[in-house]
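Input: a single structure, listed below in C-alpha cells.
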Amino acid sequence: MAAGAPAAGGGSDAICNFVICNDSSLRSQPIIFNPDFFVEKLRHEKPEVFTELVVSNITRLIDLPGAELAQLMGEEDPKLPGANSTASGFFRSLMSLKRKEKGVVFGSPLTEEGIAQVSQLIEYLHKNLRAEGLFRVPGNSIRQQILKDALNSGTDIDLDSGEFHSNDVATLLKMFLGELPEPLLTHKHFHAHLKIADLTLFDEKGNKTSTPDKERQIEALQLLFLILPAPNRSLLKLLLDLLYQTAKKQDKNKMSAHNLALMFAPHILWPRNVTANDLQENITKLNNGVTFMIKHSQKLFKAPVYIRECARLHYLGSRAHTSKDDLDLLTSSGSKELQPLKSQKRSRLDSCHQEETQQRTEEALKELFRHVHNMPDSAKKKKLIRQFNKHPTALTPGSDVPTSPAPRRTRSRSFSGLIKRKVLGTPVILERKSRDTTPEPVRVSKENVQLLQKCGSPAHMSQAKLKSLEGQKEESCRRMRARLLSKDSSSL
C-alpha cells in the first residue's frame, strides 16, 4: 500500500512514501495517488525552475512592479509598512522584547520539531470546537505558561487529561504564531496578498467592478502557496483546516470565518513590529483576505491544472514551461498535435518489436544451422546446407561454426551458344548426372525471348510445334555449317 501524504511539517517536503505490505487482506485496499506528484517532484528537485514557472503565472494574474516582484523572488529585502518610522512606540518595543526570549519551539524559526509539537495543540482543538468564543476568550495564563514550558522542553503532554482548557490551548496556538520571527505567510508575500485582495470582476464594457473575482483569487492563492517554504505551507494547511472546521460549527462556538480572521490576521499575515496605524487602510484588505482563505481552504492547496501539466511535461515530454494561456491554446488543438505524437510512439514501438523479433529469429536460425552441421553426411544434410547458402545475409551463422563451401556455379548457356557448340561438335550437357546439385537458371537472350514469345511456353507447346521448332533449329544449323565451310574454302 502506498501513502502519498507527507507527515505534518515535513521539512524535506517528501514527494511520495511507499510502504510494502505483505498482508493479503490489505492488498485490495485502493492505492492513494497524488495528482500533484510531478509538481512536488519538480519543486523538490529543481526549485529554481519551479519558482520561475509559478511566479510567471502569478504575474499573469496580478500586477507586480519590478521592486515587488524582486521582493517576491527573494532578490531584494521586502519593504514593509512602518519600517521607516522613527518612533518605535511602546507596542513595537514590547513585541520585540517578547521575541527575544527564544525557546526550542516558541520564538524560533519553523522547524519539523516545532511543527510536531504544535500539531498536538491543533489535534486537541479539533476535538473541542464547540467551546463558545474559541480563540477569542483568553485562557488561564498560569496553565498556558506550564503548557508552553512543556512544549519547549519536549515533555510529553496529555492534553486529554482535563488539566488544560480548550481556551488555554487556543490562546497558546495564537501565541506561538505571533512569536514567529516572521508571519506564517512570510514578508516576501505581503504585497502579493494585497494585490490578490484587489482582484475584482469586470463588467461587459471592461470596467472594473467592486465584486471580488473569486476564481482568480483562488488561482492566485494556489500559486502563491506553492512557493511558500515547505514548513510554512505544512503548518498553514493544518491551521486553515482547523479554522475551516471551527467556522462550520459557528452555531455552537459563535466564531464565524470573519471573526476568526480578525483573531489570526495579525499573527499570520501582518508584518512583524507594525501597528494598526502603520497598516491604515490595508487592515480591511488583510482581514478580508484571511476570511477568504478560511472559507476556501479546501481548494487552496491543490496545484492548478496547468501547473500539473507543465510539471508532467517537464519529466515526460517537452521541457518548455507553458503558462495557462499557452495550455488553453494547446487544448484547442491538442487532438491534432497528439495524433503525430501517438503515431511516432507507435512506430517506435513497432520498430523495437520488429528488431526484437528479428534478433530472436536469427538466434534460432543459428542454432538450427549448428544442428544441421552436426548431422551425419547424407543427401538430406547437403540439401539443407544448400538452402542455408541461398540466404547468406539473413542466415549467417556464428563465427564459431564452420560453413560448407558454396557449390561452384556452372557456366550459363544461351541459345546462340548452344548452336555454336553443336556446329563445332562440342557435346552439350543438358542434364546433370549428380542429384545433389540443383541446375542453375539459364540466361535467355533478347532474340530467344522474342522467339519464345512467338512459340509460347515449352510446357504448353503441342507435339507439332515442337517438331517444327526442331526443324527450324536443324535448318539454321545447316546454314551456319555451309557458311563456315565456304569461309574455309575461300581462305584456302
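The values are calculated or read from the model by the stated rules, or taken from the named source; none is laboratory data. It should be emphasised that the depicted structure is a prediction, and the values quoted were computed from it without experimental measurement. A quick note on method: Cβ atoms are made from the backbone with ideal geometry, for glycine too, and the neighbour counts reach across all protein chains shown. These area figures cover heavy atoms from the full protein model, side chains too; ligands, DNA and RNA do not enter into them. Shrake-Rupley method; radii C 1.70, N 1.55, O 1.52, S 1.80 Å.
Please find, among Arg143, Arg136, Arg130, the residue that is under 17 Å from Met175 (Cβ atoms), open to solvent by 50 Å² or more (accessible area, probe 1.4 Å), assigned to a loop (DSSP other than H, G, I, E, B) and of a type in the set (D, E, K, R). When all the criteria are applied, what remains is Arg136. Could you please find all residues in segment 150-187 being in contact with a helix residue (DSSP H, G or I) (Cβ under 6 Å, 6 or more places away or on another chain) and over 21 Å from Lys127 (Cβ atoms)? Gly178, Glu179, Pro183, Leu184, Leu185, listed by residue number.
Being under 23 Å from Ala230 (Cβ atoms) and at pLDDT below 90 holds for only one residue in Glu76, Glu68, Glu101, Glu40, and it is Glu76.
For segment 187-244, residues that are open to solvent by 30 Å² or more (accessible area, probe 1.4 Å) and farther than 24 Å from Glu52 by Cα total 16. Would you confirm, using the coordinates I've provided, whether Phe90 is modelled with pLDDT under 90, of a type in the set (A, V, I, L, M, F, W, C), at negative phi and part of a helix (DSSP H, G or I)? It is true that Phe90 is modelled with pLDDT under 90, of a type in the set (A, V, I, L, M, F, W, C), at negative phi and part of a helix (DSSP H, G or I).
Within segment 193-201, can one find any residue that is under 30 Å from Val274 (Cβ atoms) and in a loop (DSSP other than H, G, I, E, B)? Yes, there is a match, as at least one residue in segment 193-201 is under 30 Å from Val274 (Cβ atoms) and in a loop (DSSP other than H, G, I, E, B).
In the condition set (1) over 19 Å from Asp63 (Cα atoms); (2) modelled with pLDDT of 95 or more; (3) surrounded by 14 or more Cβ atoms within 10 Å (Cβ to Cβ); (4) not β-branched (Val, Ile, Thr), Gly178 is compliant with all but (2).
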